[in-house]
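Inspection log for the structure reproduced underneath, given as structure tokens.
The values are calculated or read from the model by the stated rules, or taken from the named source; none is laboratory data. All of these numbers come straight from a predicted model, not from anything done at the bench. Here the Cβ positions follow ideal geometry from the backbone for every residue, glycine too, while neighbour counts run over all protein chains shown. Surface areas here come from the heavy atoms of the whole protein model, side chains and all, with no ligands, DNA or RNA. Shrake-Rupley method; radii C 1.70, N 1.55, O 1.52, S 1.80 Å.
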Amino acid sequence: MTTIRPATIADVPLILGFIRRLAEYEREPHAVVATEDDLRRDGFGPAPKYRCVIAECKSRPAGFAFFFYNYSAWRGKPGIYLEDLFVLPEMRGHGIGKALLQHLAQLALRENCYGLRWMVLEWNEPALKFYVKLGAEILGEWETMLLTGRSLEKLASDG
């Protein structure tokens, strides 16, 4: 029996644990620099920057979805950007990932969002097959861009 519930501030250690486990799975275990304080401040303050739901199976944490809203200027509607989706390896194959995505799809429809958007590592064949089976479209013409650190600072100061 899987249940999905909104994360609370008490879940911050669990959320960070899921983030770290996902980073390990994605072969980037040292890339996580977020702290519990960061997650508390940015997810549970007066102007939350993200939302999170926790999947529980038999009353035990099994996975999470970490997301925020974006906006499509072309569609004139908000969307949900799924930053992270993770299910514990020992809990996979029980419909938990699908339940998390279904929960987000229901939320998107309730909140008049155009849809869900997320990225998948190109080597993650099991995830790609799972998402395509659900009806997700691979946007092959788009490349992800990232500007951080010194490059971000340089652009900001060169104004």
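Being open to solvent by 40 Å² or more (accessible area, probe 1.4 Å), farther than 26 Å from Val12 by Cβ and of a type in the set (Ser, Thr, Tyr) is a property that Tyr69 lacks.
The condition (being within 25 Å of Arg27 (Cα to Cα), surrounded by 12 or more Cβ atoms within 10 Å (Cβ to Cβ), touching a helix residue (DSSP H, G or I) at 6+ places or on another chain (Cβ under 9 Å) and among the aromatic types (Phe, Trp, Tyr)) is satisfied by just one residue among Tyr81, Tyr131: Tyr131.
Restricting attention to segment 22-58, the residues being closer than 20 Å to Leu88 by Cα, in contact with a Phe, Trp or Tyr (Cβ under 6 Å, 6 or more places away or on another chain) and assigned to a helix (DSSP H, G or I) number 1. Among the residues of segment 79-93, those identified as outside any helix (DSSP H, G or I) and in contact with a strand residue (DSSP E or B) (Cβ under 8 Å, 6 or more places away or on another chain) are Gly79, Ile80, Tyr81, Leu82, Glu83, Asp84, Leu85, Phe86, Val87, Leu88. When segment 113-123 is filtered for residues that are out of contact with any strand residue (DSSP E or B) (no Cβ under 6 Å at 6 or more places or on another chain) and open to solvent by less than 90 Å² (accessible area, probe 1.4 Å), the ones remaining, listed by number, are Val120, Leu121. Go through segment 2-21 and give me each residue that's touching a residue at least 40 places away in the same chain (Cβ under 8 Å) and not in a strand (DSSP E or B). Selection gives Ala7, Asp11, Leu14, Ile15, Phe18, Ile19, Arg21.
Do we find a residue being touching a Lys or Arg at 6+ places or on another chain (Cβ under 8 Å) and loosely packed, with under 13 Cβ neighbours inside 10 Å anywhere in segment 104-112? Yes, the conditions are met somewhere in segment 104-112. Annotation note: Cβ proximity below 7 Å between a residue of segment 103-129 that is closer than 12 Å to Leu82 by Cα and a residue that is in a loop (DSSP other than H, G, I, E, B) and of a type in the set (Gly, Ala, Ser) (sequence gap 6+ or interchain) occurs for Ala108/Gly115.
Among the residues of this structure, Pro126 does not count as one that is modelled with pLDDT of 90 or more and surrounded by fewer than 16 Cβ atoms within 10 Å (Cβ to Cβ). Pairing residues of segment 66-80 that are of a type in the set (Val, Ile, Thr) with residues that are assigned to a strand (DSSP E or B), at Cβ distances under 7 Å and at least 6 apart in sequence or on separate chains, gives Ile80/Phe67; Ile80/Tyr69; Ile80/Leu116.
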